[in-house]
Each structure stands twice: as structure tokens, then as C-alpha cells.
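The values are calculated or read from the model by the stated rules, or taken from the named source; none is laboratory data. This is a predicted model, so every value here is computed, not measured. Every residue, glycine among them, receives a Cβ derived from its backbone with ideal geometry; neighbour counts consider all protein chains shown. Heads up: the accessible areas ignore ligands, DNA and RNA and are worked out on the full protein's heavy atoms, side chains in. Shrake-Rupley method; radii C 1.70, N 1.55, O 1.52, S 1.80 Å.
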Amino acid sequence: MMLVCQFFLWFMFYNIVGWVYETLVCSIQEKRLVINRGFLAGPYCPIYGSGALLDVLLLGWIPNPVVLFFAGMVVNCILEYITGWALEEIFHAKWWDYTGWFLNIKGRVCFWGALAFGAMSVLLIKWIHPFVTHTTRLLPPLAVYIIAGVLCTIFVTDFVVTNVHIAQFNEKLQSFQQKVCGRVTGNRSQDALSTESDSQPKSEENLYEMTEKLNLRERLLLKNTFSFQSTKYTDLVDNLKNTLGYKQ
């Protein structure tokens, strides 16, 4: 049980470090504070914790930093690709998109990301994780259990609530799509937003009405999540972002 709790503490630590890294990079890129960087509501990105633990479990035995670099590239690119694919399939949405980047694969992974993964794997295995391991071992067993229990409760609650929220958001987008297009989603008629000019005022009015129905979490999702896209309601989400002033 102690080992499980320690692994979970490592997982959460790297989740938080990943969130901080993403926040800094994206805030610099967009020249504004970007705080909602993860799939979940809290300040953590599970893909970083998952990648770090995979590195520790699968690559920790590799002494050669060059081999470790390339192995880290492969392991983490596979993880990122599978995670991106799963999010698209389950939630019909993308939380990142590398389309147009050098050597990208379906916008889910790219060359520059792979280089970053390789470098971070070397840093993690050679310097960061030995320090983290040493620090967690200094904690009293009771403290490890309590901290892990509290963090696990927060994380699992966030995960469940977020899944419900995304499902509700997709239902809301479906309702919006029907209202804007004047049809049931799935029919093949053209989108009213991009066709007859005399329908534009009504379409804009509909969009403003829709934005009023978005809750704070949905607005933050549209505003702050880097390259968030709906794969099912792409045009509608783009128009909502434009209406809210979030589209760059």
C-alpha cells in the first residue's frame, strides 16, 4: 500500500509540474494568462503524470542518455497519440492540435513535441525523479497515506465531474446546432451561418443567445484551452469563440 501511495504522489506531482509547464508555455505563446490547461478542472495534467510514470517504470533501467532520449520520444509520443485519439473518440473534441507543425501525425503528435519528450525523459530519469523519490521517502508513512488519500479524492471527483460536464456540453452543442441550422443534427442540408445573407442577423442573434447559456466552465473551456476544437460541431464552436471574442 505504501508503494501504491508513493506512486500516486509521484503521479500527482508530475501532473502539477506538467500543468505549470503548459501554463507558462501557452501564456507566453498567446501573450496572456492561460490557466485552464488541462482536460480536468484542477491544476494538473494527467498525461504528464502518466508519461513520467511510464518513463520511470519502462525506461529507468537505461543508463545511456542518448538511448534514453530516443526511448523517451517513442514512449511519450505513443502515449500522446493514444490519449489524443481516445479524447476525440469519447468526447468528440481535441484539447491540442499540431496540424501544420513539422512532421505531425494527424495533429496528435509532432516532431518538436517528440524532442521535448526525449529531453524531459533524460532530465526526469537522471536528475528529477531521484530527488522526488528521496523526498517522498522522507515523509512519515501516515503523512503519505493522508496526502495520497486527499489528492486521490480530489482527482477522482474532478475526473467524474469533468466527464459529466463534457457530456452535458456536447448535448448543449447539439441543441445549439439544431437551433442555428434549423434541422436535426445529422441531416445533410447546409449550415445557415455560412449561406444566405438575409439569415445572418438571425444567426448572429441566435449565437449571442447561445453564449448567454454557457456556464463559466464552458466559457473557460472555449477561452483558455489551447487549440480546443469540437470534432463533431467544429463550425459551431468556432462561431461561438468568435462571438465571445476568443477566436484568434
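Pairing residues of segment 61-73 that are more than 12 Å from Lys126 (Cβ to Cβ) with residues that are charged (D, E, K, R) and in a loop (DSSP other than H, G, I, E, B), at Cβ distances under 9 Å and at least 6 apart in sequence or on separate chains, gives no pairs at all.
Per this entry, Ser50 is counted among residues that are under 29 Å from Ile154 (Cβ atoms), without any contact (Cβ under 8 Å) to a residue 60 or more places away in the chain and open to solvent by 30 Å² or more (accessible area, probe 1.4 Å). I want to confirm something. Restricting to segment 21-47 and keeping residues that are exposed (fewer than 15 other Cβ atoms within 10 Å of the Cβ) and not in a loop (DSSP other than H, G, I, E, B), which single residue is modelled with the highest pLDDT? Only one residue fits best here, namely Leu24. Against the condition in a helix (DSSP H, G or I), within 15 Å of Asp55 (Cβ to Cβ), in contact (Cβ under 8 Å) with a residue 12 or more places away in the chain and not hydroxyl-bearing (Ser, Thr, Tyr), how does Leu79 come out, does it pass? For Leu79, the condition - in a helix (DSSP H, G or I), within 15 Å of Asp55 (Cβ to Cβ), in contact (Cβ under 8 Å) with a residue 12 or more places away in the chain and not hydroxyl-bearing (Ser, Thr, Tyr) - is met.
In segment 44-67, what residues are more than 28 Å from the chain's Cα centre (by Cα) and not hydrophobic (A, V, I, L, M, F, W, C)? Pro63, Asn64, Pro65, listed by residue number.
Listed here are the residues, each with its yes/no results for (1) in a helix (DSSP H, G or I); (2) over 18 Å from Thr243 (Cβ atoms); (3) at pLDDT below 90.
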position: Val160; (1), (2), (3): yes, yes, no
position: Asn163; (1), (2), (3): yes, yes, no
position: Phe176; (1), (2), (3): yes, no, yes
position: Val180; (1), (2), (3): yes, no, yes
position: Arg183; (1), (2), (3): no, yes, yes
position: Gln190; (1), (2), (3): no, yes, yes
position: Leu193; (1), (2), (3): yes, no, yes
position: Ser199; (1), (2), (3): yes, no, yes
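Which residue out of Gly118, Gly72 is open to solvent by less than 20 Å² (accessible area, probe 1.4 Å), closer than 30 Å to His134 by Cα and in contact with an Asp or Glu (Cβ under 9 Å, 6 or more places away or on another chain)? Among Gly118, Gly72, only Gly72 is open to solvent by less than 20 Å² (accessible area, probe 1.4 Å), closer than 30 Å to His134 by Cα and in contact with an Asp or Glu (Cβ under 9 Å, 6 or more places away or on another chain). Reported count of residues in segment 83-113, each being of a type in the set (A, V, I, L, M), surrounded by 19 or more Cβ atoms within 10 Å (Cβ to Cβ) and modelled with pLDDT of 95 or more, is 1.
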